[in-house]
Amino acid sequence: MTEMPDTTDDDRLVLDPATHDLHGDNDRLRAAGPLVPVTAEGVPAWAATRYATLMSVLTHPDLSRELHHWTGRDAMPPGTAIDRIVSDTSMLNAEGERHRRLRMPLTAAFSQRRLNGLRPRIEELTARLIDHLAEQPPDQPVDLRPEFAYPLPREVISELIGIPPAHQDELHRLTDAVAQVGDLEDSPGLRKELRELLDRVIEERRGTPGEDLITDLFELHEKDGGRLSEAELFATIELLFIAGHVTTVNLITNAIGALLSRPDQLGLLRAGQCPYSAAVEETLRWDSPIAYFPMRYAVRDVEIDGVRLGTGEPVLACFAATGRDPDQYGPDAHRFDLTRPQAPHLAFGHGPHFCLGAPLARLEGEIALRALFEAFPDMRLASPVDELPPIDTLLGNSTRTMPVILGPRAR
């Protein structure tokens, strides 16, 4: 049985947020074991590297997301991506009855009925973006991350939540940095500015009800005797706004790169031999929008896959690593294959913390990819995907750009 070794950070595998070879790093992590001692943004942790192991971590009753269980939290460097996630006070880091209380009001917002109502609007926004792309020179590079993959989920989540038009330009300027679009860099100061702006938006919306999530949550807050406290209400809306579009940007960007790099797979879509939903699911498996996600903490000493976790030790979820685990997906797990028999993946998590926005992300991805590839049948990459700069974050997995030559629009 393995225990967390009493070693310095020099003896651990160090996770590089700016790596140019995330999947190579993950191959090495999986080879090192199911739970591997790593250093992530200065934090010593166990990394859950394989599908079966991560499934155990996500569902184990003795592992919790509640920060107070982490015995080493006082040594965590401030201002990092890990710090932002583990200190979040929304349902993200709640467990048990508190988690159910915070999550339940949001289920209606992502219900199938709500999604069916959103579909025409998503299609309308997508068509507008396609029209804008068609106005660009067909033989010059166009970066599809800021021009297509990003604005669609941003606009959808803004409308779903109920962001007033007067604040959208400033809010978009700040979230550009969070999504690593444009020249503004993400930073603790920028996150503080974004939080303060969202707080102002929420306060202003108190007296202006509408058909949106902010209104729904305010009504619940008033009717249900404070089922959501004021602080919880604000934290919930902030979480949904940021988490509700940034990972979908990565999903659409990654799918475009995967398909344009593999004409045989794209041909299956265009010939109608595979549905666009298959492209979404295979991208989620093969190139997860989330690389690593913190943390779960051992509530007591526990053994997982022959590794002993001591009370209070943190575990990092390696979502991108599990998507290419040959023990789960076979010896060709590294291959992007739309004809692969549908197998479950963990890109949206599992169990009580399964991503609420998963159906919306899938719907946006399918609509966006179908519209893009039908509109530009001669589209090709302007640069190989493996030469594009990665986004500089431990959490996300994508490229900062996705330049293509669109070619003429289909008639």
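FYI, it's all coordinate maths here, none of it is from the lab. Quick caveat, the model's predicted, so the values are computed rather than measured. Cβ sites come from the backbone with ideal geometry, for glycine too, and all protein chains shown count toward neighbours.
This ranking places Asp186, Asp392 by how few other beta-carbon atoms lie within 10 Å of each, fewest first, which gives Asp392, Asp186. The loop-placed trypsin sites (Lys or Arg not before Pro) in the range 272-364, going by DSSP, that have at most 13 neighbouring Cβ atoms within 10 Å of their Cβ come out as Arg300. Computing Rg and the Kirkwood Rh from the Cα coordinates of the range 60-146 gives a ratio, Rg/Rh, of 1.20. Sorting Thr247, Thr215, Thr59 from the fewest to the most surrounding beta carbons within 10 angstrom yields Thr59, Thr215, Thr247.
What percentage of all Cα-Cα pairs in the range 350-411 are separated by more than 17 Å? Here the long-distance tail beyond 17 Å is 63 percent of all Cα pairs in the range 350-411.
Based on DSSP H assignment, which helices of the chain show an axial Cα extent of at least 18 Å together with a mean Kyte-Doolittle hydropathy greater than or equal to -0.5? Qualifying helices, which must be both long enough and hydrophobic enough, are 230-260, 358-375. The residues Ser398, Ser383, when put in order of fewest to most other Cβ atoms within 10 Å, stand as Ser383, Ser398. Over the C-alpha trace of the range 2-405, radius of gyration and Dmax come out as 21.0, 61 angstrom.
Net charge of the neighbourhood of Asp62, taken over other residues with C-beta under 9 Å away and scored Lys/Arg +1, Asp/Glu -1, is 0. Using a Förster radius of 60 Å, what is the FRET efficiency between His20 and Ser111 based on their Cβ-Cβ separation? Nearest 0.05, please. Plugging the Cβ-Cβ distance into 1/(1 + (r/R0)^6) gives 0.90. Taking max minus min of the alpha-carbon positions on each principal axis, the range 186-249 gives extents of 37, 24, 21 Å, largest first.
For Asp74 and His334, the difference between the fully extended length at 0.36 nm per residue and the C-alpha to C-alpha distance is 89.8 nm. For Leu63, the residues whose modelled amide H falls within less than 5 Å of its own, excluding neighbours fewer than 5 places apart on the same chain, are Val299.
What FRET efficiency do you get for Val385 and Ala358 if R0 is 22 Å and r is their Cβ-Cβ distance, rounded to the nearest 0.05? Given R0 = 22 Å and the Cβ-Cβ separation, E is 0.35.
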